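The values are calculated or read from the model by the stated rules, or taken from the named source; none is laboratory data. All figures in this text were calculated on a predicted structure; none of them were measured in a lab. Methodologically, a virtual Cβ is constructed for each residue, glycine included, from the backbone with ideal geometry; neighbour enumeration extends over all protein chains shown.
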Amino acid sequence: MGERLSKLKNVYQKYGAAGFAAKLVRYADANVLVRLGLETRLRPEKLRAEIRRMLAGDYDRVILWRSSFGYQVPLFQRPQHIARCLAEERCLVLYEVTTMTDPVRTLRQQSENLWLVDLNNAPFRRLLMEELETVNKPKILQIYSTNWEMPLSELEEYRRRGFRVLYEYIDDLSPDVRGTETLPKNISDKYEYVMAHPDCTVVVTAERLRQDVLARRGGENLVFSSNGVDYEFFRHLDDYAFEPAFRAVLDRGKPILCYYGALAKWFDYELVKKLAATGKYSVVLFGVKYDESFDERLGAAENVFFLGARDYRVLKYYAREAAVLMIPFLINDVTRATSPLKVFEYMALHKPIVTTDMDECRRYRSVLIGRDHEEFLAQVERAMELRRDGAYLALLDEEARANDWHAKAAAILDGLRRAEAEA
């Protein structure tokens, strides 16, 4: 109960009173009305036929993604990209959503071999599991290490039903990442279970996480697959009409230093203040206030413009206007284990990149690293000079292409195939 109250507090801080109220209404719908599944109870045979039609497709394995991250949400991130790419590689992906994020009360086809399912609907879920029992192909339960709702007992039930486990270890297991005051027990329970069962396939997104797995259970069924980028999406740029708030920043005429993403405890607000204090730049921040840290540590600073969240589909147009794209994070356990998705998107936009000294950012020659505040400011100056450097722009393009999501999904699929061959 304490974990849920902590999460509610975090949601209120992120979205304010009006957004919090709207989410409560959607939560009630998703977890009360949909859970009862009245529509499913009234037409079970029709729904069973729809499930059978889905399962009759042409695919090699079934992947049931159980981490409740909406598909059609402003933050289109790793879960959706990996699901899309695996579906394109002959996996039937059943992607769990809730009606808080997607208007799906049972199932809906998103694309070939990719279906959105709402497993809060208890009668529908029973029908689906009954029909999955008849599928004579490998079945995989895919979960995130940050999944705090599924209890260990549920994971074990999937195992008894013949599902293999694909556990994506994507972040340091810190309550700060979940937005709770303590680490939820469901997260730690599943982590300990997977570490004790080497037949579960573990995907890690960062070297620090890989080392943790190696120390706990060795390299069996271990896959490295960092975050990536939809390269073609970020290279396709049309005209876009900006709203007055952003136009006003452009009209100031100063080079823009831009960051988009969570504004949280791991963000280096003091560094941003120093960048703004030079008077040389307009510092533009897009994203969600993940906790109270932004208001406490930055607030209204001159030359800093917090413009809120933007949909994934249009964010690239704002980033295109920046002189330099940056990731000013503090260095701690969370950021040492982070594979920053946005760094690959920055690459694809062919913009100079400056970050603090994160382990995963050191992997890439196109990323300029600032190991302290002074060096970060100096690297921004250097980045300004590289904006039209042909060799540097070619390097950005090379590293972006190498980190397309299809390559990340391919690494996961190779791991699944090896596990299936050994079973």
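For the reader, a short list of remarks on this structure follows.
- Verdict on Ala337 being surrounded by 21 or more Cβ atoms within 10 Å (Cβ to Cβ) and either among the basic types (Lys, Arg) or closer than 25 Å to Ala206 by Cβ (or both): yes
- Unique residue being outside the structural domain of Arg78 (by TED's automatic domain parsing) and modelled with pLDDT of 95 or more when the list is Ala378, Ala411: Ala378
- The criterion of being crowded, with 22+ Cβ neighbours inside 10 Å and within 17 Å of Val284 (Cβ to Cβ) holds for Tyr346.
- Condition met for Thr101 (modelled with pLDDT under 95, surrounded by 15 or more Cβ atoms within 10 Å (Cβ to Cβ) and out of contact with any Asp or Glu (no Cβ under 9 Å at 6 or more places or on another chain)): yes
- Index of the failed condition, Leu257 passing every other in (1) of a type outside the set (Lys, Arg); (2) part of a loop (DSSP other than H, G, I, E, B); (3) surrounded by 14 or more Cβ atoms within 10 Å (Cβ to Cβ); (4) more than 22 Å from the chain's Cα centre (by Cα): (2)
- Filtered by the rule that a residue be part of a loop (DSSP other than H, G, I, E, B) and more than 10 Å from Tyr260 (Cβ to Cβ), segment 304-326 gives Gly308, Asp311, Glu321, Ala323.
- Enumeration of residues in segment 84-136 that are in a loop (DSSP other than H, G, I, E, B), under 24 Å from the mean Cα position of the chain (by Cα) and of a type in the set (D, E, K, R): Glu89, Arg90, Asp102, Arg105, Glu112, Asp118
- Whichever residue in segment 364-423 is touching a strand residue (DSSP E or B) at 6+ places or on another chain (Cβ under 7 Å) and surrounded by fewer than 18 Cβ atoms within 10 Å (Cβ to Cβ) and, among such residues, is farthest from Tyr281 (Cα to Cα): Ala411
- Flag for Asp251 being over 28 Å from Gly370 (Cβ atoms), assigned by TED's automatic domain parsing to the domain that holds Glu296 and modelled with pLDDT of 95 or more: yes
- Tally, over segment 327-363, of residues that are touching a Pro at 6+ places or on another chain (Cβ under 9 Å) and assigned to a strand (DSSP E or B): 5
- Within segment 43-83, considering residues that are part of a helix (DSSP H, G or I) and of a type in the set (Lys, Arg), the one nearest to Ser225 (Cα to Cα): Arg78
- Unmet requirement for Arg210, which otherwise passes all of (1) out of contact with any strand residue (DSSP E or B) (no Cβ under 7 Å at 6 or more places or on another chain); (2) free of Cβ contacts under 8 Å to residues at least 40 places away in the same chain: (1)
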